[in-house]
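For reference, the structure discussed in these notes is given below.
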Amino acid sequence: MDMALETEGLGKRYGQRWALRDCSLRLPAGRVAALVGPNGAGKTTLLHLAVGLLPPDAGEVRVFGASPYANTSILPDIGFVAQETPLYRDFTAAELVTMGGRLNRRWDAALARERLASLGIPPNKPVGKLSGGQRAQVALALCVAKRPRLLLLDEPVASLDPLARREFLQTLMVSVADTGTTVLFSSHIVADLERACDYLVVLHSARVALTGDVEDLVATHRQLVGPRHDGGPIRGVGQVVRARHTDRQTTLLVRMDGDLGDPLWTMHHVGLEDIVLAYMDDTSNDVTTAQSAWGVSA
Amino acid sequence: MSWLIWRQHRKQLLVTLVGLVALAAIMVPSGLAIHRAAAELGLPDCIRQANAAATNPHMICESALERFSEQHVSGAFFGVLLFVFAPLLIGLFWGAPLVAREVEQGTHRLVWTQGVSRQRWALAKIAFVGVVALVISAVYGLGLSWWMAPLNLTGSRFGYVSFDMQGVVPIGYTLFAVALGVFAGTFLHRVLPAMALTLGGFIAVRVAIAALARPRYMTAQARTYQGSLPNEGSAEGEPSVIPTPSPSSGQAREVGDWMLAREFRDANGMGNDNFPDDYAYTWEIFQPASRFWPFQVIETGVFVALALLLFALALRRLRRIA
C-alpha cells in the first residue's frame, strides 16, 4: 500500500530532553488520521519533522518516500497549518491567496476563493480582525489551494468554540473526501474524533502509545468488569491497557486477541474516546514521581 | 518572493523615505547657507593660499575662520550628530525584525512551508534590506560629504564625528547594523531582545574599532619641529608652541592631519606632555590628511566584511529554527 507518511525509529532531542523518541509509524495514503496525546507528548515535534521544518536527531521520516527536511521538491505535496494558525495579520484574505500564488508553483486560487466565499469570509479585511474560527478557515483554505497529497494540521481546532470546531472539521472532511488527500491532524481534544477520523496515532511521553485503523481499534478493545483481580493472565485478553480496582471489583480496559474464556467477567463495548483516554492515562506513574518530588510518602 | 517582500515592507519603506525627505528639506538649505557663508568670507581661497605657502592657515585666515566657526560650526555639529545614529536606526527597524518578527508571530511556519525554501526566502529578504540600506547610506554619506565640505576646511576630517558621517563609511556601518539585527533575530527569536542586542552590539563594535583599530590602519608618521614660545601674555595655562612654517623632519603640517600624540622634548630627545625648561623641539605622530580616503575605504571594508560574516551566520542559524 502507498504510504503517505512513514517514520522509523524517529527521534528529536532538545538539549538533553527527547521530545520524540523511537517513533515508528506508517500512515497509509487516503486516510484521515488523528494525532492525539497530552500537551508536551511530541505531537508538534512529529508534525514539524514531517513537514521538514526540523531535521531528525535519530531515525528517519519519509513523506511519499522522500525525506522532507530542506527538500523543496516534496513541499508542494504537503499542506501544513501550524499551531495557532499563524497568518500575516495585516494581510487581507485576498492578499494571502495572492501570496500563495506567488510562493507555490501549483496553486488553485479559484478553489481558495470559492471556499472562503462559501464560508462568508470578507476578502478585504485584515485577517487579524477576523474571528479565530475564520482565521483557521483562511489557513485551511490556503493549505487546500496547494492541492497537497498530505495535509498536516497542528491543533487546528484548539482555539475554536465547539460550534466552530464542528464546522471546521466538517469542511475539512468534505474537502478531503473529494480529493483523496491524506490528513494527519493533531488534537488534545478527544471528543469529535470518532466522527472525524478513520486512523489514529496516540503519542504519550514522546513515544507512540497506539496506532492503527479506528475500526480495528474499536473492534478489539473491550472493557471488562469482574471480581477483584490480581493481575494474572486472562484467556482471550492480549494486553491490559488500564486497570482500576475497588475493594471488591476490578475494571479493565483490554485489547482482545481471541474470545473471552472466563465467565466471571462481563464485557462491554467501548468508544474511541475511552480507548484514547486509557492509553493516555498513566496517573499512577505521575503520582509516584510527584510524590517523590514533593517528598510525600505514598 | 518579490511580491511578498514588497507587500510586507512597503509601509516601512514609505516611512523611511518620508523621513529622508524631511531630513533633506532641512539639510539642503542649511548646506547651501554654509557653502555661501564660507565663500563670502573667502575661506576656501585663503586656505588654499595658506597651504600653497606651507603656512598654518590658522595664522593667516584667523579672523575669517573665527567668524565662520562662530556662525556655523558649533550649531552644525549638533544637527549633524543625528546622522551618527542613522545606521543604528536602520539596523534596529529594518534588520532586527526581519527574522525575529516572523518567528515571534509564528509566520515563519507559514512562509517556509509554501513552495520556497527558507534559504531562498532569507536571501531574497537580505538582498532587499541590503539594497535599501546601501542606497540610504550612500545618499546620506555622500550628501553629508557635500554638506560638510566647508567645515572640513576648519579642522581635520579625522575627528570622531566628522570621519564617521561622511564619505563611504556610513555604507559599511549601515550594512553592519542591518546584518547584526538580522543575526540577533535568528538567535533571540523576539523583536525587542533582538533590537536591544543590535543596539548594544553596534555601539560596542563601533567604539572599539574607532578607538583601537582605526589609528593603526596605516603606520603613523612622525615629524619634529622647532616651535617658538607663545607670547607671555596669553596665559592660557596650556603649554603650546606655535610651529615654525617648515618642520625639521617629516611632512609639513596641514589642517587636515590627524594628530595622535605630541611630546615636548629636550636636547637629549627625552620628553613628556609638559613643557620642559630646556625645551629643544616638538615631536608628534600623525596620520596625514591625504590618508582620509584610504582610511575611509579600509574602515568600510572592515564593516562590510563583518556584515557578510553576520549574514552568513544568520543563514546558518536559520536552519535550526522550526
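Data for the structure
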item	result
Radius, Kirkwood style, for the range A:106-148 when every pair of distinct Cα atoms is counted (Å)	10.4
Chain A: translational diffusion in µm²/s, Stokes-Einstein, Kirkwood Rh over Cα pairs, 10 °C, 1.306 mPa s	76
Rounded Å value of the spacing that divides the Cα centres of the range A:206-229 and the range A:52-113	35
Ranked list, fewest to most other Cβ atoms within 10 Å of each Cβ, for B:D278, A:D230	A:D230, B:D278
Shape of the range A:105-244, Cα gyration tensor, a/c cut at 1.5	prolate
Relative contact order of chain A, pairs being alpha-carbon contacts under 8 Å that are 6 or more residues apart, as %	19
Approximate spin-label separation B:R67-B:W3, in nm, with each point projected 7 Å along Cα-to-Cβ	6.4
Whole-Hz ³J(HN,Hα) from phi, Karplus 6.51 cos²θ - 1.76 cosθ + 1.60, for the range A:199-216, glycine and proline x	8, 9, 10, 10, 9, 8, 6, 6, 10, 7, 8, 7, 8, x, 5, 4, 4, 4
Orphan Cys of the protein assembly as shown, criterion: no other Cys C-beta under 4.7 Å	A:C23, A:C143, A:C197
Sum of -39500 (n - 2.57) over DSSP H runs of 4+, divided by residues of the protein assembly as shown (222 nm, nearest 500)	-14500 deg cm²/dmol
Angstrom value of the Kirkwood radius, inverse mean 1/r, which spans all Cα pairs in the protein assembly as shown	30.3
Chain B: DSSP helices with Cα axial extent of at least 20 Å and average Kyte-Doolittle hydropathy no lower than -0.5	B:2-40, B:118-152, B:169-188, B:191-208, B:292-318
Compactness of the range B:58-182, expressed as Rg and Dmax over alpha-carbon positions, Å	20.2, 71
Alpha carbon convex hull of the range B:118-171, volume per residue in cubic angstrom	61
Low-density loop cleavage sites - trypsin sites (Lys or Arg not before Pro) in the range A:75-124, where at most 12 other Cβ are within 10 Å (DSSP)	A:R105, A:R106
Kirkwood-Stokes translational diffusion coefficient of chain B, alpha-carbon pairs, 4 °C, 1.567 mPa s, µm²/s	58
Amide proton proximity set for A:V32, modelled H, under 5 Å, gap of 5+	A:V183, A:D198, A:Y199
Long-range tail of P(r) for the range A:1-135 (Cα pairs > 18 Å, %)	63
Local electrostatic count, A:Q223, Cβ distance below 14 Å [Lys/Arg +1, Asp/Glu -1]	+1
Packing-based exposure ordering (other Cβ within 10 Å, fewest first) of A:Y69, A:Y199	A:Y69, A:Y199
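Read-outs: derived from the displayed coordinates by stated rules, not from any lab. Not measured: the values here are computed from a predicted model. All Cβ positions, glycine included, derive from the backbone under ideal geometry; neighbour counts span all protein chains shown.
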